[in-house]
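The block underneath contains the structure these notes are about, expressed in structure tokens.
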């Protein structure tokens, strides 16, 4: 079986669709793992997944670009294979959208927490003045 050196998709249309389905399924599986990491707020697992995701996304992008460039080649492929690919594409889009929304929410909560901490620090700084004496030791005084 011959493959295109740029993407790794086989030159045979049916085999190419099967390869694209395989790569799409890997991304769907990875998105599900990513969802679990986000739900559990396991940022270490989430970060580890990102490296794997970057590699598989690169494969997926190249394969998708070739698919679009070779659309005429795929017109005679079994409809059931094309249907499987379409279902995977929709599933992947939904999972990606959901994960992105969770990341945005987490970012907003983190920013709100940071803002709250900064305001508390500012209030504390206004209530207590800290001065250093000649020996570089802290000498506290109340607000003046």
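Test residue 135 against the criterion of being more than 30 Å from residue 11 (Cβ to Cβ) and modelled with pLDDT under 90, and give yes or no. Judged against the criteria, residue 135 is a match. Would you point out the residue of segment 72-81, among those that are in contact with a helix residue (DSSP H, G or I) (Cβ under 7 Å, 6 or more places away or on another chain) and assigned to a helix (DSSP H, G or I), that is nearest to residue 26 (Cα to Cα)? Of everything passing the filter in segment 72-81, 81 is nearest to residue 26 (Cα to Cα).
For segment 90-111, a tally of residues being free of Cβ contacts under 8 Å to residues at least 60 places away in the same chain and either within 17 Å of residue 41 (Cα to Cα) or touching a helix residue (DSSP H, G or I) at 6+ places or on another chain (Cβ under 8 Å) (or both) returns 9. Annotation: of all residues in segment 1-29 being at pLDDT 75 or above and outside any helix (DSSP H, G or I), the one that is surrounded by the most Cβ atoms within 10 Å (Cβ to Cβ) is 9. The numbered conditions (1) free of Cβ contacts under 8 Å to residues at least 24 places away in the same chain; (2) under 24 Å from the mean Cα position of the chain (by Cα) are all true for residue 85 except (1).
Annotation for segment 64-80: no member residue is loosely packed, with under 12 Cβ neighbours inside 10 Å, closer than 24 Å to residue 107 by Cα and modelled with pLDDT of 90 or more. Taken over segment 58-71, residues that are closer than 20 Å to residue 31 by Cα and out of contact with any helix residue (DSSP H, G or I) (no Cβ under 7 Å at 6 or more places or on another chain) amount to 4.
Return a yes/no flag: does segment 43-55 have any residue that is surrounded by 15 or more Cβ atoms within 10 Å (Cβ to Cβ), closer than 17 Å to residue 93 by Cβ and touching a residue at least 12 places away in the same chain (Cβ under 8 Å). Yes; the residues of segment 43-55 include at least one that is surrounded by 15 or more Cβ atoms within 10 Å (Cβ to Cβ), closer than 17 Å to residue 93 by Cβ and touching a residue at least 12 places away in the same chain (Cβ under 8 Å). Checking 87, 103 one by one, the residue that is modelled with pLDDT of 95 or more and either surrounded by 10 or more Cβ atoms within 10 Å (Cβ to Cβ) or in a helix (DSSP H, G or I) (or both) is 87 and no other.
The values are calculated or read from the model by the stated rules, or taken from the named source; none is laboratory data. None of these values were measured; they are calculated from a predicted model. Because the Cβ atoms are built from the backbone with ideal geometry, glycine has one as well, and the counts that use them run over all protein chains shown.
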